[in-house]
Each structure stands twice: as C-alpha cells, then as structure tokens.
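What follows is a set of notes on a single structure, which appears directly below.
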Amino acid sequence: MNPSLNAIRTFEAAARHLSFARAARDLAVQPPAVSRKVAELEQQLGVSLFVRSKPRLSLTWQGEALFQSVQRGLDQIQQGCNAVRRQNDQISLRVLTSIGM
C-alpha cells in the first residue's frame, strides 16, 4: 500500500525545514500532527526517516533519498502544471463573419 499524499506532503515540509514546528506552520496544523504523520509514514515504509536529537532534526540516508525523490516528483508536477497553463494561454479562437448575404 502506498503512503497517502498527505503523509508525503507532511514529510516534505518537515524535511525541507528540518523542523516539525516549522512544517506545522506551513501546513496550518499543530506540531504533534506532523510528528504523527511522519511516524505513520515511517511505519508504512519500515524505516526511520529522521534522526530526532535535540535541539536538531536531521534526515537519515533513507529520509534524504525519499526527500530527493519527492522533490523531483513535485518539480515534475509543477512543470506539468506550467505546460498546461502555457497551452491554455496559446489557445485562441478566430471568428470571421460577413454582414451581407
């Protein structure tokens, strides 16, 4: 079973900030919610993604590998969205009419 997109999104924010508290602010949730989602993802994957040592959070090598994959995936999604927008901007309709019969 693949992890939920919400879990991936939560992991990405935590990995980007290396902080559950800053990730929580980005996602408009409380830090314990971020911690729970990350723990859920770690359980689904069967690996630890973060080294939780105070005062700092860091990625394990598995966490770093997943973070890079997630970033590449998000970049591809962004490129796809941009391409669709560009195509939509280029679509035009030209109508020629005449007044008489």
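The values are calculated or read from the model by the stated rules, or taken from the named source; none is laboratory data. The structure displayed is predicted, hence computed values, not measured ones. Positions of Cβ are generated from backbone atoms using ideal geometry, with glycine treated the same way; all protein chains shown enter the neighbour counts. Side chains included, ligands, DNA and RNA excluded: accessible areas come from the protein's heavy atoms. Shrake-Rupley method; radii C 1.70, N 1.55, O 1.52, S 1.80 Å.
Taking the accessible area of the chain, probe 1.4 Å, and keeping the other protein chains in place, the carbon and sulfur fraction comes to 54%. Loop-resident chymotrypsin sites (Phe, Trp or Tyr not before Pro) (DSSP state other than H, G, I, E or B) in the range 1-54 with no more than 16 further Cβ atoms inside 10 Å of their Cβ are absent.
Please give me, ordered by residue number, the trypsin sites (Lys or Arg not before Pro) of the range 28-101 that lie in loop per DSSP and have at most 15 other Cβ atoms within 10 Å.
R94
If you take all other residues with their beta carbon under 9 Å from the beta carbon of R16, and give Lys and Arg +1 and Asp and Glu -1, the sum is -1.
Rounded to a whole number, what is D in µm²/s for the chain from Stokes-Einstein with the Kirkwood radius over alpha-carbon pairs (37 °C, 0.692 mPa s)? In µm²/s, the coefficient rounds to 206. In the chain, the calculated helix contribution to ellipticity at 222 nm averages -22000 deg cm²/dmol per residue, counting -39,500 (n - 2.57) for every DSSP H run with n ≥ 4.
Entry comment: accessible area of the chain is 77 Å² per residue, from protein heavy atoms only and a probe of 1.4 Å.
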